[in-house]
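I have placed the structure first, in the form of structure tokens, so that the comments after it can refer back to it.
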Amino acid sequence: MNNKITIFNGPKKEFTKILPDTYENFTDIIRIIDSKLKEVKLVTDLNDYDHDSEKLYAENLVVYSDEYTGVNDHVIDNFINHITMIYEIDNLFLQNPPEKLRNQFKRESNGRLEIVSYPYKLIDKDILKQIKEGFSNKIIGQIHLKMDLLSVLYPLVQEQFEKPVVILFYGPTGVGKTETARYISTLLEGELFRKQFSMFQNESFASYLFGQGTKQSSFAKDLLDRESNIIVLDEFDKANQIFHSAFYQMFDEGVFVDKDHTVNLGKALIICTSNYKSESDIKRNLGELFSRFDGDEFKLYPGLPSKQ
């Protein structure tokens, strides 16, 4: 790779905007490499392959984030060697690569690496003004929530504030918890990032939360691909207490780390919804994690009244 390597952090919709008009697709190139080498056994192939043979040429190679799941871990571990033993590539574009791949390029790019991070739209004073003026028209009968929400969101407009705001909505089903999050998200554009924790059983949730290799889906990978900096963790009360430790750094610093990815959320808004019935119910179930939520003196929001 002779020219430029670009790592893009952010959603696919924005990644495509920085791509050249014509390019080779990673999945297609891997198929060609596999057909030439007969099988993907990297160490053996590298020793046996005739490096003096004529290489194929690709001016631009693009790797989308969902393509890493289509190859074995050893291809990611030796990505540069695996690609360059067959191809001569001028420009490489990678969306949200795993950490081990980022480190390869940081070590071997010789100053040709550019890292581009999508600038997620943030809550600013104009957004707060829109919430103040339009909230009651969208979320009926919840004036108390509007004022509390404006208060807790205000730090996000301060220049020196660099962490997420994390809030907890609780109350029975159908009172407007998720709808409130959707309303705020519409003001910031991009599709709302929402995960329903009730969809995961303990074993599958552990794999999803902590990562099980680049071939598997994971919470961190989904966070990297998100379009919005409004993050909704629905039915947070359904997550077993043994998983609470995974969220400490995310809530405190805006950083989420699993075995394959590191995600920096910056000044995000993280909304956890739950069916807890009372403050004591929340404290009993969340334990130490309770102190990580922002809000009023109780560090949570009261249950929301039903829509009129």
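Bear in mind these aren't lab numbers, they're just calculated from the coordinates by the rules spelled out. None of these values were measured; they are calculated from a predicted model. All Cβ positions, glycine included, derive from the backbone under ideal geometry; neighbour counts span all protein chains shown.
Here the 3J(HN,Hα) profile of region 274-291, calculated from phi with Karplus coefficients 6.51, -1.76 and 1.60 at θ = phi - 60°, is 7, 10, 4, 9, 7, 4, 5, 5, 5, 4, 5, 8, 8, x, 4, 5, 4, 6 Hz, Gly and Pro shown as x.
Please compute, over every Cα-Cα pair in the chain, the percentage with a separation greater than 27 angstrom. Write out the running numbers ahead of the final one.
Values: 23421 of 47278 pairs.
When every Cα pair of the chain is considered, 50 percent fall beyond 27 Å.
Shape of region 207-270 from its Cα gyration tensor (a ≥ b ≥ c, root eigenvalues): rounded if a/c is under 1.5, otherwise prolate when a/b > b/c, or oblate? Rounded shape, in that the Cα axes give a/c under 1.5.
Positive contributions from Lys and Arg (+1) and negative ones from Asp and Glu (-1), summed over other residues with Cβ under 11 Å from the Cβ of Pro155, come out at -1.
Axis angle, to the nearest 10 degrees, between helix 26-37 and the longest C-alpha principal axis of the chain: 30 degrees. In the chain, excluding the sites themselves, the longest stretch lacking any of the GluC sites (Glu not before Pro) that are in a DSSP loop with at most 13 other Cβ atoms within 10 Å is 192-296.
Taking region 125-292, how much of its Cα-Cα pair set, in percent, is spaced more than 26 angstrom apart? Numbers along the way, then the final one.
Values: 3851 of 14028 pairs.
So the portion of pairs separated by more than 26 Å is 27 percent.
Taking amide H as placed 1.01 Å from N in the peptide plane, Phe193 has its amide H under 5 Å from the amide H of Ser228, Ile230, Val232, each at least 5 places away in sequence or on another chain. Mind pulling the angle between the C-alpha long axis of helix 99-108 and the longest principal axis of the chain? Nearest 10 degrees, somewhere in 0 to 90. For helix 99-108, the angle is close to 50 degrees.
Taking other C-beta atoms within 10 Å as the exposure proxy, Asp148, Asp21, Asp294 rank Asp21, Asp148, Asp294 from fewest upward. Over the residues of the chain, the helix contribution to mean residue ellipticity at 222 nm works out to -10000 deg cm²/dmol, using -39500 (n - 2.57) for each DSSP H run of at least 4. Note on Lys277 and Glu159: the model spin-label points, each 7 Å out from Cα along the C-beta direction, lie 5.0 nm apart. With Cα atoms defining each centre, region 234-288 and region 168-192 are spaced 17 Å apart in the structure.
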